[in-house]
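The values are calculated or read from the model by the stated rules, or taken from the named source; none is laboratory data. All figures in this text were calculated on a predicted structure; none of them were measured in a lab. Glycine gets a Cβ as well: all are built from the backbone with ideal geometry, and neighbour counts include every protein chain shown. Just the protein is used for accessible areas: all its heavy atoms, side chains included, with ligands, DNA and RNA removed. Shrake-Rupley method; radii C 1.70, N 1.55, O 1.52, S 1.80 Å.
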Amino acid sequence: MRRICGAMVILTFCRASFELAAEPYPGNEQFSRRAAAEGMVLLKNENRALPLQEGDRVAIFGSGQVDFVRGGLGSGDVTVAYATNLLQAAFAARAEGRLQLDTALAQWYLANPAVELTDGQLAEVRQRSDVALFVLSRNSHEGDDRSPGEGDYQLAPAERRLLERLAKAGFRKVIAVLNVGGIVDTNWIDEYRIDAVLFAGLPGMEGGPAVMDVLLGLVNPSGKLTDSWAVSLAAYPGADGFAASDDHVDYTEDIFVGYRYFATFDPARRLIRYPFGHGLSYTEFVLDDWSAAEEDGAIAVEVTVRNCGGLPGREVVQLYFAAPSGRLGRPALELAAFAKTKLLAPGEAEKIPLRFPVAQMAAYDDQGHSGHRHCRLLEAGDYRIYLGSSSWDAAARQIYCHRRESLAVTEQLTGYLAPKELPERLLADGTMEQLPVQPPPPPPCLPVRPDDCTRVEAEDYAALTGGSWLEYFYRPSGESGCCVAGWPDAGRKMIYRLEVAEGGRYLLRLRGANGNAEPIADALEIAVNGRLQNVTVASPATPGQWHEFIDLEPVEIELPAGRVELQLTTKGYCPNLDYFLIAPTAYREKLLACAGWPVAASGVRRQAQERGGRPVMFAELRQKPELLDEFVAQLSDEDLIWLVGGHEPNVWGGTGTIGGLEAFGVPALETFDGPAGVRLGRGLTTTQWPNSTLLASSWDVALVEAVGAAVAKEAKYNGVDLWLAPGMNIHRFPLCGRNFEYYSEDPLLTGKIAAAMVRGVQRHGIGVTLKHLAANNREKNRLRADSRLSGRAAREIYLRGFEIAVKEAEPWCIMSSYNLLNGVETAENDELLTGILRGEWDFTGVVMTDWGNNSRHDREIKAGNDIKMPAGVPDCLRAALAEGRLARPELERSAKRILTLILKTGKE
Ligand code: BGC
């Protein structure tokens, strides 16, 4: 079958051509170089191996210098006009007279990036050079996780052999550049006596020059790790459960994620190689003259940072706290605040103020152990405040103690998002707490009417296997929808659970389209409760048409009364399936006459008639937003259904539009991907920024805000409106394939960086979409896997970053995630989207689904997920309205939020 792929979602649309216009905003590419360099982290620097000195004769090793990775893949990629790899940057530095480069070796790598050097070649290189620079490159992408094995988390055998030989060759210094999106094994750094190591992340299109800037000392590194780099994967608390099950992940480590775990359970620091917040500089800083006090319910600290080295540089000051482990048990260290100095000249000092509310140290009691169930609270005891330039450095410098004589409840919340199937969780004393487990409710069955025709949407399956998926489509008519499709292999199964009131002979009529020039004589096998039915399903040709569905000939099957499993299995080439109809054989005529859901007419321009036929147009609404209720009331149900689904993009590589209700002059907002820049396609080139983790490693909120502003200007410049970024899930485990799109293992850092990004972007009239809410921490089986976590872990870790960004920066949109959260699809999760997001955090914007998720459109609207992307499923909403499962005011509620979003952008 032919498919057009957009990101990892299969999206089919018919559009002849788009105008080619995109380009980077002037100056952005150079800014991306600076932003990348600001995030780079100097992990190790023995004997001042870096920066490179005049006289260093440098030989660069490793295919990564040529196959340099500028950014991660999937929707997080960016189409660029060019990208400068490390080797090109080294040649440029050489041309400027800044670097003595072994050009013969460089030429050899250009021609043979993947071939191993012979001993003779290496000996010659050693003769010519005295500094070896090794480049390790790794990439990852959405839709799949990274591998723990060789060539990904571990070195590849060839890389190991090369490093072994470099160690023996007697270079004066060996330096490694880690061009990686996330954590890799680092045991080889000591094993092969590497002198200096630079974490360069995936630094974007100007990544090569940015790395050279740092290696040459033109930029003094000031980045700090946003994650704990442990000695092995097994050391991480999430290691056991990460890939153990296909369909769920138990977050048994609870709140002990990243350094919270290591600081609590590994005080001797045997498990960590590079701690959270760590990062060296080419100069030296001292922190002195600190003072701390309590003012208006906040801890206020002031510290002087002095550059006592010989080069200008910047330092990040980090404030942590350790709360008393009362009844709730607390991590030994939690980040409270941070700030970065300006560029300090040698000898220069800067006073840095840091402040955070005392209430920020509260924990959430999900089980009522403190006597205050579902509250955030501060237990009695000593709250120690630590100051330093990394988590380890700070742990040795307590500067203040906030003492509480009694427990104080800081917030009464709810018990939303309680786990149902998480059996246990880790406590601060190292024991496991057993949690109540509720068996999942039996899977829902679709009722089959004994006296009428029943319509079953293809997407209402109970299970899909063997390469079938949900496909969203747009038709030239503007109609959108969702069907079940798959690769043309035999053996794909679609399983439906039915509740049959009366057993007997039934007719089954599929509605499909196969795009084929030839009819398919025998497309599907049908089994009922495992019993094969004696039928032949023929699928007529629909040449080139994959989503213009036709009704196939009905076939007769036997359905027993009660719960029934209906299984459709492909025999080879097979149609996409929109829905099927079932009716007792006596209702044959009705079945043959049964067409789609009637187009609802209610509310059609009602008020327009009252206003003498003149509707309120969007232009008028823009002038008078108080007309919103009136505007929405005049819309027909069909208009509302149009608004709550995405539509075809108007730009290549765009991810779909929102709005575009032409009859009322509602403009269409163009959504576009991120988070590494303005992602367009087909030659529409824009700026690629450093990946999210690298950007966050700058710990520089002003820089991130400026990057946000630059992205927004570029979006405006290219006529796109709504950014599907920032990505802000927690780095729970190093192998998550999407960690490169996210910031950190720490929720406070994540939230503050995301908030800065939101402020920068939205200030320029471009909207953001925080994603993916929530607990999207694994890519394997991402559409069906359930993240099982406690209410406490949800509130203290996985939702906390989103909460900070929502409260501090008011993002216009949020994207729900693919995964389930405690057994419920996040897009259908009323407790998450309405209870917490809107009820507790006062979020007033729009929630959209992730692209081609697995949940049902009507349930999404009810739960507070306002728009289904990339396309809505109108039939599903029509049916829900007709059957009373969805009420018009629920659609109106989402429509109002969407219209308000469009108003905010100022789009004409
Ligand atoms: C990703 C989203 C992305 C969307 C649109 C999905 O596959 O999960 O993060 O924004 O595609 O491309």
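Below, the figures for the structure above:
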read-out	value
Extreme residue, farthest from the ligand (Cβ to nearest atom), among residues of segment 66-87 that are charged (D, E, K, R) and within 19 Å of the chain's Cα centre (by Cα)	R70
Unmet criterion (only one of (1) more than 16 Å from the ligand (Cβ to nearest atom); (2) surrounded by fewer than 24 Cβ atoms within 10 Å (Cβ to Cβ); (3) touching a residue at least 12 places away in the same chain (Cβ under 8 Å)) for I861	(2)
Meets criteria (out of contact with any helix residue (DSSP H, G or I) (no Cβ under 8 Å at 6 or more places or on another chain), among the hydrophobic types (A, V, I, L, M, F, W, C) and open to solvent by 10 Å² or more (accessible area, probe 1.4 Å)) for A169	no
Complete set of residues in segment 29-59 that are open to solvent by less than 10 Å² (accessible area, probe 1.4 Å) and in contact with a helix residue (DSSP H, G or I) (Cβ under 6 Å, 6 or more places away or on another chain)	A35, A36, A37, G39, M40, A59
Filter result for D452 (closer than 20 Å to L566 by Cα, open to solvent by less than 50 Å² (accessible area, probe 1.4 Å) and assigned to a loop (DSSP other than H, G, I, E, B))	yes
Every pair of residues 6+ apart whose Cβ atoms lie under 8 Å, when the first sits in segment 758-783 and is open to solvent by 10 Å² or more (accessible area, probe 1.4 Å) while the second is β-branched (V, I, T) and within 13 Å of the ligand (Cβ to nearest atom)	Q762/V768
Selection from segment 682-709 of residues that are open to solvent by less than 10 Å² (accessible area, probe 1.4 Å), of a type in the set (S, T, Y) and more than 19 Å from K224 (Cα to Cα)	T686, T687
Listing of strands (runs of 3 or more DSSP E) fully contained in segment 223-340 that carry 1 or more residues being closer than 26 Å to D152 by Cα	248-250, 272-274
Breaking point among (1) part of a helix (DSSP H, G or I); (2) touching a residue at least 24 places away in the same chain (Cβ under 8 Å); (3) surrounded by fewer than 22 Cβ atoms within 10 Å (Cβ to Cβ), for D185	(1)
Per-region count, segment 802-811, residues within 15 Å of the ligand (Cβ to nearest atom) and surrounded by fewer than 24 Cβ atoms within 10 Å (Cβ to Cβ)	0
Segment 88-116, subset outside any helix (DSSP H, G or I), surrounded by fewer than 20 Cβ atoms within 10 Å (Cβ to Cβ) and at negative phi, residue farthest from the ligand (Cβ to nearest atom)	Q100
Which listed residue, of D213, D195, D145, is under 26 Å from P275 (Cβ atoms), in contact (Cβ under 8 Å) with a residue 40 or more places away in the chain and within 16 Å of the ligand (Cβ to nearest atom)	D145
Residue in segment 139-146 that is buried (at least 21 other Cβ atoms within 10 Å of the Cβ), modelled with pLDDT of 95 or more and farther than 17 Å from G737 by Cβ present	no
Test: residue in segment 347-357 that is part of a loop (DSSP other than H, G, I, E, B), farther than 30 Å from P51 by Cα and either out of contact with any helix residue (DSSP H, G or I) (no Cβ under 8 Å at 6 or more places or on another chain) or touching a residue at least 24 places away in the same chain (Cβ under 8 Å) (or both)	no
Qualifying position, being without any contact (Cβ under 8 Å) to a residue 40 or more places away in the chain, out of contact with any Cys (no Cβ under 7 Å at 6 or more places or on another chain) and of a type in the set (G, A, S), among G478, G467	G467
